[in-house]
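The values are calculated or read from the model by the stated rules, or taken from the named source; none is laboratory data. Worth saying up front: this structure is predicted, and the values here are computed from it rather than measured. When we count neighbours, we look across all protein chains shown, and the Cβ atoms used for this are built from the backbone with ideal geometry, even at glycine. Remember, those area values only see protein heavy atoms, side chains included, never the ligands or the DNA or RNA. Shrake-Rupley method; radii C 1.70, N 1.55, O 1.52, S 1.80 Å.
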Amino acid sequence: MNTATINSSIQPQKELLLNHSLYGKVKTIDDLKHFLEGHVYAVWDFMSLLKALQSKLTCTTTPWLPVGNPDMRYLINEIVLAEETDINIDGKRQSHYEMYIDAMKACGADITSIEAFLEDVVTTQNIFVSIRTSSLHENIKAFLDFTFRVIEQGKPHEIAAAFTFGREDLIPSMFTEILRNFQKNFPETNLDKLIYYFERHIELDADEHGPMAMQMISELCADDSQKWKEVEEISMLALEKRIGLWNAIEENIMQHDMASI
């Protein structure tokens, strides 16, 4: 098994995600805000997948030791560099999560929910308690719980699978579709920061991070058939959870649209 066969086996789930009816529901500026308010949780928890990989594949403690494969260390550190300290639209250093929050604020989306959730994470010091006791949609809870269960299990190849096939490999196509709808539906609205964020992801993930992540999977699994099987299983689950997240956002948009009639 290899990354090509994994891609082939998860193609049906990818098609469901890329052709999801959610995209067609984002028709007004309010719809856009509700989309951002749900999607921000995926933007945030992605960073934890990334940092989990960095802690597994490089040395992040002292005293420093030359952990693992130097090529792997380079791959993950290169991705961390861009995701955690990229250049924003104003030419300043910022994480992609912080860029997304700024884009939400610029178009009037509500950030109080995600901020309250992160405050609770700090207070409880237990991500699973914070997820369980939150008022989030059950699908968003399931999405977050899956991410942190994979991280907790601590298998680098499984974390890389959720990161690569559940996230990085999808982002270029998925965000291109979202961006196309935004530009069509909101030509008079200033979405500069949001468009910059999406375009930056498309550029990085299609040209750099996507191929890097695929290489990371190949290095981690090598010729171990059990690891490849686990990568396939986690990748399918990651896509199912992402579809569930999209369903939750679509449901939220439809409920607000009905309420405004």
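Some observations on this one:
- A Gaussian network model of the chain, with springs between Cα atoms under 10 Å, assigns the largest mean-square fluctuation among N190, N181, N139 to N190.
- Descending Cα extents along the principal axes, the stretch 117-261, whole Å: 55, 38, 26
- The GluC sites (Glu not before Pro) of the stretch 147-196 meeting both criteria, a DSSP state outside H, G, I, E and B (loop) and at most 14 other C-beta atoms within 10 angstrom of the site's C-beta, are E188.
- Two-decimal log10 I(q)/I(0) for the chain, as the Debye equation yields it once each C-alpha is a single scatterer, q = 0.10, 0.12, 0.14 Å⁻¹: -0.50, -0.72, -1.00
- Max mean-square fluctuation residue, GNM over the chain, Cα-Cα springs under 10 Å, options F146, F198, F186: F186
- Across the stretch 1-45, the fraction of Cα-Cα pairs farther apart than 12 Å, rounded to a whole number, is 71%.
- For the stretch 183-259: rounded, prolate or oblate by the Cα gyration tensor [a/c cutoff 1.5]: oblate
- Sites matching trypsin sites (Lys or Arg not before Pro) across the stretch 1-68 that sit in DSSP coil, with at most 16 neighbouring C-beta atoms within 10 Å: K27
- Shape category assigned to the stretch 55-139 from the gyration tensor of Cα positions, a/c cut at 1.5: oblate
- Applying a length cut-off of 24 Å (Cα extent along the axis) and a mean Kyte-Doolittle floor of 0.0 to the DSSP H helices of the chain leaves 29-57.
- Carbon + sulfur, % of accessible area of the chain - ligands and nucleic acids excluded, 1.4 Å: 52
- Among T189, T85, T147: highest mean-square fluctuation, GNM of the chain, C-alpha pairs under 10 Å: T189
- From largest to smallest, the equivalent ellipsoid semi-axes obtained for the stretch 87-175 from the alpha-carbon gyration tensor read 24, 21, 13 Å.
- Solvent-accessible ranking of V231, V122, V67, largest area first, probe 1.4 Å: V122, V67, V231
- Alpha-carbon Debye profile of the stretch 1-150, log10 I(q)/I(0) at 0.17, 0.19, 0.20 Å⁻¹: -1.29, -1.40, -1.42
- Accessible area per residue (1.4 Å probe, heavy atoms of protein chains only) ranks M99, M214, M1 as M1, M214, M99, with the largest value leading.
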